[in-house]
1. Select from region 195-233 the residues that are β-branched (V, I, T) and within 18 Å of the chain's Cα centre (by Cα) and list them in ascending order.
2. Sort out which residues of region 181-213 are in contact with a helix residue (DSSP H, G or I) (Cβ under 8 Å, 6 or more places away or on another chain), of a type in the set (A, V, I, L, M) and assigned to a loop (DSSP other than H, G, I, E, B), and write them in order of number.
3. Any idea which of V84, V64 is within 25 Å of A172 (Cβ to Cβ), β-branched (V, I, T) and touching a Gly at 6+ places or on another chain (Cβ under 9 Å)?
4. Considering only helices (runs of 4 or more DSSP H) fully contained in region 1-99, which possess at least 1 residues that are farther than 24 Å from F213 by Cα and polar (S, T, N, Q)?
5. When you look at V131, is it outside any helix (DSSP H, G or I) and either hydrophobic (A, V, I, L, M, F, W, C) or over 17 Å from L205 (Cβ atoms) (or both), yes or no?
6. Would you point out the residue of region 160-193, among those that are of a type in the set (V, I, T) and over 13 Å from S114 (Cβ atoms), that is surrounded by the most Cβ atoms within 10 Å (Cβ to Cβ)?
7. For region 302-319, give me each residue that is modelled with pLDDT of 95 or more and assigned to a helix (DSSP H, G or I).
8. Does I341 meet the test of being more than 14 Å from A247 (Cα to Cα) and either touching a strand residue (DSSP E or B) at 6+ places or on another chain (Cβ under 8 Å) or among the hydrophobic types (A, V, I, L, M, F, W, C) (or both)?
Amino acid sequence: MQDVLFISHRIPFPPDRGDKIRSHNLLRHIATLAPVHVATFADDDDDMAYEAELADLAASYRLVRRAKPLVLAGMQALASRQPVSLTAFHDAGLAAYVAEVLATRPIGTIFVFSGQMGQYVPADFAGRLVVDFVDVDSAKFEAYARRGQPVMRWIDAREGRMLRAEEGRIAARADVSLLASTEEAALFTARLPAADRAHRDVRALGNGIDSVFFDPAPVTPEPRMAMLGAPRLIFTGQMDYAPNIDAAVRVADRIMPLVRAHLPEATFHVVGRRPVDEVKARDGVNGTHVWGRVDDIRPWLKAADMAVVPLEIARGIQNKVLEAMAMALPVVVTREAATGIDAVDGRHFTIAGSDQAFADAIVTAMQSPNDARAMGVAARRFVVEHQSWQGVLAQLPGIMSPQAERSQLDAA
């Protein structure tokens, strides 16, 4: 393969949240196929601290600290009639680096991670373009627009409408469009203009899990969590992300009182970076403990008795579910959070809907420890056998290179 230009909305280091886990594994695998040049953003000092790892991996790179205020991005979006998602991630320096790399390096493929970065692909690029949308962002904003205050509903509706048009534009330009599950790929295709659907190459490329890293056997439980009341329920994730905020608040305010009516010592643990004030305010409420960012999520999962994932808006495959399953935890999820994971309800995890259904599932499992343990073992076995990154990434050479794809088809 010729060189690859990888354009990502966040530096793929460290792999400590859903999108970074996916981009990290993709970038590392692409780097084994060809020299890779990386254009990306850092959100904060923690991200900037990983510049050395990026430099070791990439043939060249440009890492830009993203500091544009959201208000400014919003004003630019209104003035330019673009989605805020595009103006928030527009940077002249990053665009200049992309132009320089394309002018001076033998770039055969551009790999775009996350749709808002499609703006950096020049119209005259003649090589192969692969865009990993991950999930259907426009549908997420449309879901936001059905709730909340009137002003935010208008903003989210506008964002959803304009992102849908941008997704269609990028898909028309791309050789391959990737989504994180077959469900997301079908939804993405259905939202394209009817006349275009048959002409777009839209595929599912699932998320995987490093089941060797997420192996409970060698992990010691986090002592600060392990000393607190049992059963210990855990929810993980980026805690300034609206669906995660809603899920954590739902457990703390509505589900935990139902659980503690039967299991009065039960505790709920929210573990993830950047908890907003709405989440922090639940610390100490109904047995809730808000821990914030941690260096390694595995000891916290090992200290838990069960993972709860009551997401009402969930796009793509939820890494938090795969990680808990790999750590042999019984997991209770909404149907939305289970999307793209072909596990069996009642065997590998439990699907619940209402607050009462969540509480019933938690209480039943915690009062039947042998059954809960058996579900955790089955969950880990499922992840090891069906959700490994090795299997997922085996598709990547064919996606990146038409020649490799033809070879794979001929071999089949």
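The values are calculated or read from the model by the stated rules, or taken from the named source; none is laboratory data. Small disclaimer: the values here were computed from a predicted structure and weren't measured. We place every Cβ from the backbone using ideal geometry, glycine too, and count neighbours over all the protein chains shown.
1. Of everything in region 195-233, just one residue is β-branched (V, I, T) and within 18 Å of the chain's Cα centre (by Cα), namely I209.
2. Of everything in region 181-213, those that are in contact with a helix residue (DSSP H, G or I) (Cβ under 8 Å, 6 or more places away or on another chain), of a type in the set (A, V, I, L, M) and assigned to a loop (DSSP other than H, G, I, E, B) turn out to be L192, L205.
3. Among V84, V64, only V84 is within 25 Å of A172 (Cβ to Cβ), β-branched (V, I, T) and touching a Gly at 6+ places or on another chain (Cβ under 9 Å).
4. Where helices (runs of 4 or more DSSP H) fall fully within region 1-99 and carry at least 1 residues being farther than 24 Å from F213 by Cα and polar (S, T, N, Q), they are 70-80, 84-87.
5. Spelling it out, V131 is indeed outside any helix (DSSP H, G or I) and either hydrophobic (A, V, I, L, M, F, W, C) or over 17 Å from L205 (Cβ atoms) (or both).
6. Result: V176.
7. Within region 302-319, K302, A303 meet the criteria.
8. In short, yes.
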